[in-house]
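A.B. asks: This is the structure I have questions about; it appears just below.
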């Protein structure tokens, strides 16, 4: 795509070269099939850059519909033109956006291009034969490699077909939670996990950081029932401390002896 297209501004072309320019810049770029009988003889022969061999106006019109349907904003860049006798040859760059299946390759939506080398054979003022050799194998190889690259990143990482995020969660949760605990422990400069006790009510930044860390822990791994900053556990829809009391129960009681049974759900 680095080679610049020819500019025809202020240039006077021979009648045959002007016909070739009109063919690409008006008929193809604008998909103006009304120009076909003005450029080609009835029953002309055509071999396209994408492979098909056709005869006549109607078959060629169908080829135009197919190409412009598969490639959005289809455009031809004229890179070179050479004229000798009743023949005009050249180097063209065909390009567009891949929006329909092409040669068995599903549409990628990407901008694609390939090089074609046409030979126009004139009979009088119109074209009797047009043969275009196109680099379709380079086009197919490029599109297939792009699709493989896209599928490699989109494909699930697990053999069981589970999404990538589900497969790697077990590897990420532990390090992330460890980092979270380390961060708010250092922010609070203490191992006290009860940020909302009265004597710490004035330390709002620490309390806010620890509360945010609690919520992050639960969001990352819902099976965790412990709120790290308060050392509380969920039990029966209520918060229960390791000492056996509900978190909202402020009545003084003697501490329970021994570990609790069936109060922690993991």
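A.B. asks: Among the numbered criteria (1) in contact with a helix residue (DSSP H, G or I) (Cβ under 8 Å, 6 or more places away or on another chain); (2) over 26 Å from residue 111 (Cβ atoms); (3) part of a loop (DSSP other than H, G, I, E, B), which single criterion is violated by residue 19?
C.D. replies: Against the list (1) in contact with a helix residue (DSSP H, G or I) (Cβ under 8 Å, 6 or more places away or on another chain); (2) over 26 Å from residue 111 (Cβ atoms); (3) part of a loop (DSSP other than H, G, I, E, B), residue 19 comes up short only on (3).
A.B. asks: Just to be sure, is residue 85 exposed (fewer than 14 other Cβ atoms within 10 Å of the Cβ), at positive phi and at pLDDT 95 or above? Give the steps one after another, and end with the answer.
C.D. replies: Values: exposed (fewer than 14 other Cβ atoms within 10 Å of the Cβ): yes; at positive phi: yes; at pLDDT 95 or above: yes.
It is true that residue 85 is exposed (fewer than 14 other Cβ atoms within 10 Å of the Cβ), at positive phi and at pLDDT 95 or above.
A.B. asks: Something else about it: Hey, any hits in segment 95-111 for a residue that's at pLDDT 85 or above, out of contact with any helix residue (DSSP H, G or I) (no Cβ under 8 Å at 6 or more places or on another chain) and exposed (fewer than 13 other Cβ atoms within 10 Å of the Cβ)?
C.D. replies: Yes, segment 95-111 contains at least one residue that is at pLDDT 85 or above, out of contact with any helix residue (DSSP H, G or I) (no Cβ under 8 Å at 6 or more places or on another chain) and exposed (fewer than 13 other Cβ atoms within 10 Å of the Cβ).
A.B. asks: For segment 39-52, give me each residue that is without any contact (Cβ under 8 Å) to a residue 60 or more places away in the chain and either crowded, with 16+ Cβ neighbours inside 10 Å or over 35 Å from the mean Cα position of the chain (by Cα) (or both). Lay out the reasoning, then the answer.
C.D. replies: At the first step, the residues of segment 39-52 found to be without any contact (Cβ under 8 Å) to a residue 60 or more places away in the chain are 42-43, 52.
Scanning segment 39-52 gives 42, 43.
A.B. asks: Every residue in segment 119-164 that is surrounded by 12 or more Cβ atoms within 10 Å (Cβ to Cβ), touching a helix residue (DSSP H, G or I) at 6+ places or on another chain (Cβ under 8 Å) and either modelled with pLDDT of 80 or more or not in a loop (DSSP other than H, G, I, E, B) (or both), please.
C.D. replies: Across segment 119-164, the qualifying residues are 120, 122, 126, 127.
A.B. asks: Test each condition in (1) within 22 Å of residue 66 (Cβ to Cβ); (2) touching a residue at least 12 places away in the same chain (Cβ under 8 Å); (3) surrounded by fewer than 16 Cβ atoms within 10 Å (Cβ to Cβ) for residue 15 and report the one that comes out false.
C.D. replies: Checking residue 15 against (1) within 22 Å of residue 66 (Cβ to Cβ); (2) touching a residue at least 12 places away in the same chain (Cβ under 8 Å); (3) surrounded by fewer than 16 Cβ atoms within 10 Å (Cβ to Cβ), the one that fails is (1).
A.B. asks: What about residue 23, is it under 16 Å from residue 121 (Cβ atoms) and touching a strand residue (DSSP E or B) at 6+ places or on another chain (Cβ under 7 Å)?
C.D. replies: Taking the combined requirement at face value, the residue does not satisfy it.
A.B. asks: Does residue 6 satisfy being in a loop (DSSP other than H, G, I, E, B), touching a residue at least 60 places away in the same chain (Cβ under 8 Å) and crowded, with 17+ Cβ neighbours inside 10 Å? Give the derivation first.
C.D. replies: Numbers: in a loop (DSSP other than H, G, I, E, B): yes; touching a residue at least 60 places away in the same chain (Cβ under 8 Å): yes; crowded, with 17+ Cβ neighbours inside 10 Å: no.
Considered against the rule, which asks whether it is in a loop (DSSP other than H, G, I, E, B), touching a residue at least 60 places away in the same chain (Cβ under 8 Å) and crowded, with 17+ Cβ neighbours inside 10 Å, residue 6 comes out as no.
A.B. asks: I would also like to ask the following. Are any residues in segment 24-37 in contact (Cβ under 8 Å) with a residue 40 or more places away in the chain and more than 16 Å from residue 65 (Cβ to Cβ), and if so, which ones?
C.D. replies: Matches in segment 24-37: 24, 25.
The values are calculated or read from the model by the stated rules, or taken from the named source; none is laboratory data. None of these values were measured; they are calculated from a predicted model. Methodologically, a virtual Cβ is constructed for each residue, glycine included, from the backbone with ideal geometry; neighbour enumeration extends over all protein chains shown.
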